[in-house]
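**Student:** Starting off with a structure, shown below.
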């Protein structure tokens, strides 16, 4: 049975090039990058090369790359690290985010809210940021705006450049943190085009290994000492993230970035065309006519969310899996929680609809034949599972 992987927003298969780099560095450059001898110096050089590759990919020369163990840790560092950077913020500074953020953003912000920080959550109905609500929320006491660039469940693409422009006018002390884990190496953008002060990226979302992410931090943040470390110890990563760096994983991350940077336009066009092909197949197939497609006005090329007619997403997910076709029922980080997707509810889906929605997330490695097989299996599943309702 041929397996068809359509859950690339959860994770991607590591590329052969990244895997080869991981193995090479594991064998030949296993020194501690903090050591002062040649082996340590060589390991530090590997980290430096990966940092340079990331900065080049984002046009972010002069910024700092802080390596973490995941995108989730990078998000926590940006949010909690910012909130704890000044003692006066503890008296109730304001943080702005959106409704329907990934749990690695929404959970630390909720924790800070319980500590006394004030939080405003901007609506995203229809996959569009409510700019009027944002403008009203942006006051002089805002210290952080944390928003994803691409919603990991709906594929909605938010206009963060417009957010940054408003922030500079109304909340000059605030930093803009962008969770770019679903847009990095999927969409062409730069740090300047976003107007971001901090950007989260993740290795395993771009065909690198799991267990490594990064927070790209603007020099303004460093100069203002606007970020406090969460993990204390030996002072690695410029004092912002202690712990011996995972050098082989960082090297493989850097290789994934290099490969992605060189082919991002081609990858974008491939995924965009596959997504359009999938939408057309669903719309033109009588057997799939009851499926409702979530279509934000502006969207990423790789994500499509669909709502099934009264069939729970988990049921269809297992049905498709039995045929070797893999999709998801939402964010992989919260799929086992039993909670209805806050992102879909924020988009405008009812809780019942959200409970019947699946996410299809594409890779540049997918082909039209994968889409054909998915649609055929969906049609069979709708017929088969409807009889069991």
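Just so you know, all these numbers are worked out from the coordinates, no wet-lab data involved. The structure presented is a predicted model; accordingly, all values stated were derived computationally and were not measured. With ideal geometry, Cβ positions are generated from the backbone for all residues, glycine too; neighbour counts draw on all protein chains shown.
**Student:** How much mean residue ellipticity at 222 nm does the chain get from its helices, if each DSSP H run of length 4 or more adds -39500 (n - 2.57) and you divide by all residues, to the nearest 500 deg cm²/dmol? Present the calculation step by step, with values, prior to reporting the outcome.
**Tutor:** Working: 13 runs with 163 residues, N = 389.
Helices in the chain give a 222 nm mean residue ellipticity of -13000 deg cm²/dmol.
**Student:** Of the residues 146, 322, 110, which exhibits the maximal mean-square fluctuation in a Gaussian network model of the chain defined by a 10 Å Cα contact cut-off?
**Tutor:** Looking only at 146, 322, 110, the biggest GNM fluctuation is shown by 322.
**Student:** Residues of region 86-115 with amide nitrogen under 18 Å from the 7 Å Cα-to-Cβ point of residue 159?
**Tutor:** Zone members listed by number: 98-99.
**Student:** Now, a different point. Suppose the chain between residue 36 and residue 140 were pulled fully straight at 0.36 nm per residue; how much longer would it get relative to their current alpha carbon spacing? Please report the intermediate quantities before stating the final value.
**Tutor:** Working: separation 104, 0.36 × 104 = 37.44 nm, distance 4.57 nm.
Full-extension gain reported as 32.9 nm.
**Student:** For a footprinting-style exposure proxy, rank 37, 102 by other Cβ within 10 Å, fewest first.
**Tutor:** Values: 37 9, 102 23.
The order, fewest Cβ neighbours first, is 37, 102.
**Student:** Now for a different question. Among DSSP beta bridges whose residues both lie in the chain, state the antiparallel percentage, nearest 5.
**Tutor:** 50 percent
**Student:** Another question, then. Which of 372, 218, 197 has the fewest other C-beta atoms within 10 Å, and how do the rest follow up to the most? Kindly include the intermediate steps, with their values, before the conclusion.
**Tutor:** Details: 372 14, 218 21, 197 27.
Ordered by Cβ neighbours within 10 Å, fewest first: 372, 218, 197.
**Student:** Separate question: Report the extension gain between residue 210 and residue 114 in nm, rounded to one decimal, defined as 0.36 nm multiplied by the number of residues separating them, less their alpha carbon distance.
**Tutor:** Details: separation 96, 0.36 × 96 = 34.56 nm, distance 3.13 nm.
Between residue 210 and residue 114, full extension yields 31.4 nm more.
**Student:** Between 72, 361, 49, where does the largest GNM mean-square fluctuation fall for the chain, given springs only between Cα atoms within less than 10 Å?
**Tutor:** Checking each option, the largest mean-square fluctuation is seen for 49.
**Student:** While we're here: Could you work out how far the C-alpha centroid of region 265-291 sits from that of region 1-79, in angstrom?
**Tutor:** The two parts, judged by their Cα centres, are 33 Å apart.
**Student:** Name the residue, out of 277, 158, 326, whose mean-square fluctuation peaks in a Gaussian network model built on the chain with Cα pairs under 10 Å.
**Tutor:** Of 277, 158, 326, the Gaussian network model singles out 277 as fluctuating most.
**Student:** Using 20 Å as the cut-off for backbone N distance, which residues of region 281-305 belong to the label zone defined by a point 7 Å from the Cα of residue 365 along Cα→Cβ?
**Tutor:** 301-304
**Student:** How do 101, 107 rank when sorted from fewest to most other Cβ atoms within 10 Å of their own Cβ?
**Tutor:** Working: 101 23, 107 17.
Ascending Cβ contact count within 10 Å gives the list 107, 101.
**Student:** Separate question: Suppose R0 equals 56 Å; then what is the FRET efficiency for residue 56 and residue 310 from their Cβ-Cβ distance, rounded to the nearest 0.05?
**Tutor:** Efficiency, rounded to the nearest 0.05: 0.70.
**Student:** Next question, about the same structure. For the pair residue 345 and residue 131, how long in nm is the line joining their label points, each one 7 Å along Cα→Cβ?
**Tutor:** That separation, rounded to one decimal, is 2.8 nm.
**Student:** Taking a ≥ b ≥ c as the square roots of the Cα gyration tensor eigenvalues, with a/c under 1.5 meaning rounded and otherwise prolate when a/b beats b/c, else oblate, which class fits region 1-157? Please list the in-between numbers first.
**Tutor:** Details: a/c = 2.59, a/b = 1.48, b/c = 1.75.
In terms of gyration-tensor shape, oblate.
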